[in-house]
1. Local charge sum around Ser58 (other residues, Cβ-Cβ under 15 Å, Lys/Arg +1, Asp/Glu -1)?
2. Counting only heavy atoms of the protein chains, get the accessible area per residue of the stretch 142-335 (1.4 Å probe) and round it to a whole Å² value.
3. What percent do you get for the relative contact order of the stretch 461-804 when only Cα pairs under 8 Å and 6+ apart count?
4. Of the listed peptides 113-120, 665-672, 752-759, what is their order by residue-averaged count of other C-beta atoms within 10 Å, with the highest listed first?
5. Mind listing the long-range amide H neighbours of Phe170? Cut-off is under 5 Å, sequence gap 5 or more, other chains count too, H placed in the peptide plane at 1.01 Å from N.
6. For the stretch 367-382, just list the computed ³J(HN,Hα) in residue order, Karplus coefficients 6.51, -1.76 and 1.60, θ = phi - 60°, integers in Hz, with x standing in for Gly and Pro.
7. Under a 5 Å amide H to amide H cut-off, with H placed in plane at 1.01 Å, what residues pair with Val45 once short-range neighbours are removed?
8. For the chain, what is the mean residue ellipticity at 222 nm derived from helices alone (per DSSP H run of n ≥ 4: -39500 (n - 2.57); sum divided by total residues; nearest 500 deg cm²/dmol)?
Amino acid sequence: MHKRSYLFHVMASAAFAAALPCSVQAQSFLPEKLTTEYRTSPLGVATAQPRMSWQIKSTGRDFMQSAYEVRTGSNAAALAKGKEIGWQSGKVSSGESLHIPYGGGALSSRQRVFWQVRVYDRNGKASPWSQVASWEMGLLQPSDWSAQWIGRANDTTGKPGPSPIFRKPFHLAKPVQSARLFVTAHGLYEAHINGKRVGEDHLTPGWTAYDKRLQYQVYDITPLLQYGNNVIGATLGDGWYRGNLVFLNQRNTYGKTAALLLQMEVTYRDGSKETIASDGSWKTADSGPVRYSDIYNGETVDARMEMNGWASPGFNDAGWQSAAVLPLTKNNIVAQEGPGVRQKERLKPIKFITTPQGEAVVDFGQNMVGWVELKVKGNAGDTITIHHAEVLDKDGNFYTANLRAAKQENKYVLKGGGTETFAPRFTFQGFRYIRVKGIRQPLDTSLFTGVAVYSDMGETGSFTCSHPLINQLQQNIQWGQKGNFVDVPTDCPQRDERLGWTGDAQVFFNTASYNMNVTGFFTKWMKDVAADQRPNGDIPVVIPDVKSIPSPGSAGWGDVVTIIPWQFYQNYGDRRMLEVQYESMKKWVDYITKISRNELWNHGPHFGDWLFYSAPYDNDGRSAITDKYLIAQAFYIHSTQNLINAAKVLGNSGDVAKYEELIKRLKNAFLREYVTPNGRLVSSTQTAYVLALNFDILPEEQRATAAQRLVDNIGAYGNHLTTGFLGTPYLCHVLTRFGHTDVAYKLLMQQSYPSWLYPVKMGATTIWERWDGIKPDGTFQDVGMNSFNHYAYGAIGDWMYKTVTGIQPDPAAPGYKQFRIQPRPGGGLTHASAEFKSLYGTIASKWKIDGGKLKLEVSVPANTSAKIVLPGAASATVTESGKVVQATAEGNDASLQVGSGNYAFEYSYSK
Ligand code: RAM
């Protein structure tokens, strides 16, 4: 059925494009932006059959690929000339330009494969061959590691202390052709070669389910090496591995000893090879400048202890000890799949404040995550202390109480004698403001740079409209994503938590994947979800599992395991995500089935509709409490549906039948237990109606009435939402689906609490954890849990892209091979515009209401097609680039199918 409707689209689009004015010149087209496993010419690939993708640049309209041809080789120059070809696909009749698996023989560790592609248009004409791209395999077996784990003898107490440092001089007697560094650590590492830092990533090796999956990184270090004497060195920090993690200063989650595993492989120009690896011949010390480091608490650096040239030849390491070889496993080591954490933006202070309490505070104007780089002058021994905070209190004083036990304190001891630059290495802070002590010179902007640090995902989405507060909301959503996508998707980046809460991640996933390319980020994290799944199928509430938070198998949290893979497939067309995660999805559904009674998941602790609206004095039942077991049953149904969807894609017909049978019974159980014969839900809340409708639980004939009840409920709260984490992401979608987009707009435009714009009005620059983190009188919510940088409620971004500007994937052709542009103007907006860089290329939808006309500009990437639904155009004369076009009336709207290209529609519009 999918195939047929897709074919229809393609044919329809060809028909429409043919009717459009076409350029007389022949269309030219070329595959470009080649990627392998979502990355550009990556190193360290560990997938047995890496998949290749490309985009197509074409002139004119309506380009569709009818076939492709991939060829590979081990010599780039020869391949470009069509020589020394290894595996080649031959001409494959297919429109697919994403995720084409390598079909050659088994790939070995370190193997480099170059590849090119050419594509054919509808008429069978071939493009030129693309530029050459490549990938390189990583170390695929534990036995590829000749390196030994090393640490410091007696580093076994797990108590905080100075950073261990390691160094190894080595000699290269011949000119080097190429060199790779493979490295990981227990704790965090920073590697140096000949005085230069290796790579640009921070907080390496990142955070994973360390016991089962510890990532290594691969660096091309060819340019760092020199003929003759060289030195490689590394510094370790405590990080997630053994520093403070989870509430109240718990340490040593994964172990007590910091350790390094490092292997450098050099290929000389004469073809011979040499490996320099960590072992007992390395020297170590703990007398370097990093005296303390901790993710939550910050870092202490004493510049007087800098050891000039410690990672260069000529340094005297006579006082250092020999490294201890540690008997640690290498069986858990995996290649990195997600993007590294990088310095992404640099912000300057916007204001210097002396608070009523007399403290010197610097305002960066943006709640952000990373650190402050400091450039100062002073005397040797001067200590500068920087504290970080998200907000000032209502009196304008520096407010840190909501950080709970996280100190967020960086201390720098100066060595004196000139300008000194400081930045921490093994920590990050969530802040907009810093409080500074100990600086002798007058404070000005030259001293401070706020460095925003996050996973290097690449921006894929932008959204703007005619309403400045909504634009600020979009900014806040994006900054919430930046701050909380620091290698794992965290709930918050500042207090003593910063954990991969599964509920938050699933709630925000769709929005996240509009804003940024989260392919690698979630490919990695979902593997940690599966790795940390308990043997009985339960999913810990935070991933990586920090072990000390009991896992209640909370509804809406554990369901991340089915929700993200299915949405990932919709957004990126990646079937392998479903293949890889399928067993884990199934285990979760089977786990709920096992613990359910009479087909009802109606026991156990649940977070429920976390942080829903509760009235201050609830004499009148105003708090929006949704029965937790109603929610649990709804998510049980939803996860089962996601599993069925995945089973269909993967062709597991046995499972399709089995779980379709199950879901029928689950829906019946829901109706029996939570719905009256008249379709009223036992919890009269927005979230209850939203979940029942969004997950298709209610019988068809009850849906419109239920949607009306939802609308009435919203009205009863004066057009305010009352939903928490679980209801919020679907609220406006459900309203739109049942014909109440006007009500959705009322919620979006609402400026008083609870609403999305209330925090914006209160000066928020990120999304808050709670709807009323700061109350109208300026006082704060409960200090025990009040983050000002929490992305969950930013889930409205999904609706803004999908409905305000109308960019939506078509489930029948996932990954935006076919999609919809169906903008729905409303809320008094006069224009809105969004761009989304899909894997095929940039999709744009920009509308404007002007002088009684609606103008809509659309971009459709090559090798895709789109159904455009023009709002309110049923009886209008529609022009495209000045010429009248035919559109088919659909209710009040009119639709037409188009192929790739840029289009400008215009018609009379009244609302
Ligand atoms: C708090 C945070 C987090 C949420 C959990 C249940 O720690 O608000 O976002 O997922 O509670």
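1. That sum, taken over residues with Cβ under 15 Å, equals +3.
2. Here the per-residue accessible area is 37 Å².
3. This gives 21 percent for the stretch 461-804.
4. The most tightly packed comes first, giving 113-120, 752-759, 665-672.
5. The list, which skips near neighbours in sequence, is Asn230, Val231, Ile232.
6. Working through the residues one at a time gives 5, 9, 10, x, 7, 9, 8, 10, 10, 9, 10, x, 9, 4, x, 4 Hz.
7. Here Glu136, Met137, Gly138 satisfy the definition.
8. Result for the chain: -7000 deg cm²/dmol, rounded to the nearest 500.
The values are calculated or read from the model by the stated rules, or taken from the named source; none is laboratory data. This is a predicted model, so every value here is computed, not measured. As a convention, Cβ positions derive from the backbone with ideal geometry for all residues, glycine included, and neighbour counts pool all protein chains shown. Surface areas here come from the heavy atoms of the whole protein model, side chains and all, with no ligands, DNA or RNA. Shrake-Rupley method; radii C 1.70, N 1.55, O 1.52, S 1.80 Å.
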